[in-house]
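Read the figures in this text as sums done on the coordinates, not as results from a lab. Keep in mind it's a predicted model, so treat the numbers as computed, not measured. Reconstructed Cβ throughout: ideal geometry from the backbone, glycine too, with neighbour counts over all protein chains shown.
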Amino acid sequence: MPLPETHLRQIARWCEQKVPERLRFRVRVEYKVRGSNVTLHECHVPIGATPETKWFRQPMAQLRYDGSSWQLYWAERHFSEHPGRWVAVDYDPRGTAPSPGPLLDMIADPRVSFFGEKD
């Protein structure tokens, strides 16, 4: 099912605004659409990188659209039988919303660990 263009623009704007412009040469947040899923990646270049160095891309969250609402998932990375698996944020009522905005706010909440390592 096609994703609403207004929602995709909202996600793109959030990714662009997440990192201050002065730091974007070292770190950025990107998104990738696959079907009705939008995966957010934290991207950075290694220390001592040259302009040709490939950026590291680490999945941090996924938004899934079912035609009427969005569900937030986090990437299970450590201490799991299934690293790399996506796990629904169903322990929090904010994990589902009619638009991606509230879920993006949840990702940005410093009390919820979506950026960086979860150790």
* Asked: Pulled fully out, how much extra length does the chain show between E76 and K54, if you take 0.36 nm times their separation in residues and subtract their Cα-Cα distance?
  -> 5.5 nm
* **In Å, descending, principal axis extents of the Cα set of region 11-76** => 44, 23, 19
* Would you calculate the separation in nanometres between label points at R34 and V87, each defined as 7 Å from the Cα along the Cα-to-beta-carbon direction? => 2.0
